[in-house]
Structures are given as C-alpha cells and as structure tokens.
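See below for the structure under consideration.
The values are calculated or read from the model by the stated rules, or taken from the named source; none is laboratory data. Keep in mind that this is a model prediction, so the values were computed, not measured. Counting neighbours? That spans all protein chains shown, and the Cβs are built from the backbone with ideal geometry, glycine included.
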C-alpha cells in the first residue's frame, strides 16, 4: 500500500460549482488586438478557425499561417512582447513553426509559414474571410481550406474532426 498524505475523491469540486461553459474569446481577442497593433498579417486556421465558423470543435491553441519574412519576424517578436510571451521553436530545424507561449495566461499561438494542403499564403487569403473580433479585424481561413489542410496532414487528431467539419461545411452551404 502507498501512504498518500492527501486523497481527493472525484469530484473534488461540488457539481454546482463546475463551470458551465468556457470562453476563449477574451484570449483570442487579445491575440487579434496584438496582431493588429503590430501590423502582423496572419490567417487563423485550425480548429479555432473552424469553431469561429460554427464547427463544434475545441482546441488548446490558436494556429495562424503567416509569411516568415524578416519584417514579419520582427513583428512577431513585438507581438510576443505585447502578450508577455516567449517565442519557441519546438521542432527546429525540421519544422519552421514559431510557437508563442504565455503559460500564466494559458496562451499558445502557433505561426506557420507553410501548412499541409495549402499552396501559399496568398492562395489561402484569397478564400479567407475577414472577421471582426474584439474590435479588430482578423483573416479566418475558409472552412474548406481548414478541412483540406487537416486531410492532407493526415494526423489522427486531424482525422478525428473531419466528419464534424465536413458536416458544418454542408450546413453552411445549405444556409447560404
């Protein structure tokens, strides 16, 4: 037997105190504001981009496609400073992912100059929609592009949401 000084039974918090919903809007709004303030053009992709378009999916981060030019990398550094975050290169040198993290706020923002299933930043932006979030504009990738990217990536976690994303896209097309 193990001698455990503290044993908690589930639930440790009474059910009446459990949160009934979670809202990432304040965090995303701060990200979008920092992008606008630094003039860093990026396109929201991934599950966050899908969720904004009505897909019932969740995520722990915000993913963006951007151009990794020297001026944009300087803007990315200022973006991170604005959010009191650090920039990590977790898969360097095999990946060109830039991860902006502030652990105190639970913030993770990934910036990628290339994504699976998308030809270029310009081609993605040509189909993206500009949306207002927290008083600032942000480009959001078309749901069809998010689906194509997840399908091309072929990861188990991407395959797991494809049916939900495709159903959402069908519903959006019916509504328009």
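For this structure, a couple of remarks:
- Criterion violated by residue 68 - all others in (1) under 16 Å from the mean Cα position of the chain (by Cα); (2) more than 13 Å from residue 138 (Cα to Cα); (3) in contact (Cβ under 8 Å) with a residue 40 or more places away in the chain satisfied: (1)
- Of all residues in region 111-122 being over 16 Å from the mean Cα position of the chain (by Cα) and part of a loop (DSSP other than H, G, I, E, B), the one that is surrounded by the fewest Cβ atoms within 10 Å (Cβ to Cβ): 119
- Failed item in (1) without any contact (Cβ under 8 Å) to a residue 24 or more places away in the chain; (2) outside any loop (DSSP other than H, G, I, E, B), with residue 108 passing the rest: (1)
- Comparison of 55, 33, 51 shows that the only residue that is out of contact with any strand residue (DSSP E or B) (no Cβ under 9 Å at 6 or more places or on another chain), modelled with pLDDT of 95 or more and part of a helix (DSSP H, G or I) is 51.
- Unique match (being within 16 Å of residue 44 (Cα to Cα), without any contact (Cβ under 8 Å) to a residue 60 or more places away in the chain and outside any loop (DSSP other than H, G, I, E, B)) among 151, 125, 99, 157: 99
- Enumeration of residues in region 58-87 that are part of a helix (DSSP H, G or I) and farther than 13 Å from residue 108 by Cβ: 70, 71, 72, 73, 74, 75, 76, 77, 78, 79, 81, 82
- Of all residues in region 128-144, exactly one satisfies the criterion of being under 21 Å from residue 24 (Cβ atoms) and in a helix (DSSP H, G or I), namely 143.
- Residue within region 136-148 that is touching a residue at least 40 places away in the same chain (Cβ under 8 Å) and over 15 Å from the mean Cα position of the chain (by Cα) present: yes
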